[in-house]
Amino acid sequence: MRRIILTLVMLAAGLCTAMAGDNETLRARKVLDMTANKLKSMKGLSVHFTIAQYSGKKQQGNSTGRIDIQDTRFHVTMPDMLSWFDGKSQWSMVPGDTEVNLTAPTPEEQQAMNPYAFLSLYKSGYTFQIDHTKLADGTQGWKILMKAQSATQKISRMQVEIDRNYIPVRVTMQQGKSQLVRIDVDKLEGNRTFPADHFTFPRKQYPNVEIIDLR
């Protein structure tokens, strides 16, 4: 009888743990869904950001920039890099260089450029932990930790900080065991309108730049 009771207790404990994990996943997905809907409702976005790179705890460098976003398309302007993505192809170049690389990035590679690309990643392949707490900018909101379920995924961990208005204020990504990229959102402007060619390489502006097709 004792053995039966012990088995039932263990099964109940396991069930409670599973239900708690399911509830946490549902809470995290609800916040992320609300965030995705909020950003979509703002249509075109201009996001001013600060990006920092780390190897372990040692900062390797940092920079500021701006990204204009329309649906899945984006255009990034930084002091040491320019990039255009039309939803399929991406052009990247160093200002003043004579070459621009043309690639077809994966969703994980897009994440390295677009601080809001996590909105296309969270629906599959990750487990979740969520806390309602104080954020990096001093406001209250949610910290959502996403852990990759497969070792083959390039982004093994990602932490997203979302304020009470469902606006992401910080995204931290981990690649491998020690490489970290942290993106802080300094300013967000919504309801922007961009011409279609804003997200493709402006050949007329750079007539002497060679396109290196790496697709």
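The values are calculated or read from the model by the stated rules, or taken from the named source; none is laboratory data. In this text the structure is predicted, and so the values were computed from the model without any measurement. Note that each Cβ is placed from the backbone with ideal geometry, even for glycine, and that neighbours are counted across all protein chains shown.
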State which residue is surrounded by the most Cβ atoms within 10 Å (Cβ to Cβ) when the search covers only region 198-215 and only residues that are over 17 Å from His75 (Cβ atoms) and out of contact with any strand residue (DSSP E or B) (no Cβ under 8 Å at 6 or more places or on another chain). Pro207
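How about region 181-201: which of its residues are assigned to a loop (DSSP other than H, G, I, E, B) and free of Cβ contacts under 8 Å to residues at least 40 places away in the same chain? Lay out the reasoning, then the answer.
Keep residues of region 181-201 that are assigned to a loop (DSSP other than H, G, I, E, B), which gives 193-195, 200-201.
Selection gives Pro195 alone.
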Suppose we filter region 85-104 for residues that are under 17 Å from Asp197 (Cα atoms), outside any strand (DSSP E or B) and touching a residue at least 24 places away in the same chain (Cβ under 8 Å); how many remain? 3
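The rows are residues; the columns are (1) modelled with pLDDT under 80; (2) under 16 Å from Asn191 (Cα atoms); (3) part of a helix (DSSP H, G or I).
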residue	(1), (2), (3)
Leu6	yes, no, yes
Val9	yes, no, yes
Met19	yes, no, yes
Leu32	no, no, yes
Ala36	no, yes, yes
Leu45	no, yes, no
His48	no, yes, no
Tyr54	no, no, no
With the condition being within 13 Å of the chain's Cα centre (by Cα) and at pLDDT below 90, I'd like the strands (runs of 3 or more DSSP E) fully within region 137-180 carrying at least 3 qualifying residues. 155-163, 168-175
Residue pairs qualifying under the 6 Å Cβ cut-off, at least six apart or on distinct chains, with the first in region 126-148 being in contact (Cβ under 8 Å) with a residue 40 or more places away in the chain and closer than 17 Å to Arg27 by Cα and the second being aliphatic (A, V, I, L, M) and surrounded by fewer than 18 Cβ atoms within 10 Å (Cβ to Cβ), are Gln129/Leu145
Residues located in region 121-136, provided they are in a loop (DSSP other than H, G, I, E, B) and either surrounded by 15 or more Cβ atoms within 10 Å (Cβ to Cβ) or at pLDDT 90 or above (or both): Leu121, Tyr122, Gly125, Leu135
So, in region 64-87, exactly how many residues are more than 15 Å from the chain's Cα centre (by Cα), of a type in the set (D, E, K, R) and surrounded by 17 or more Cβ atoms within 10 Å (Cβ to Cβ)? 1
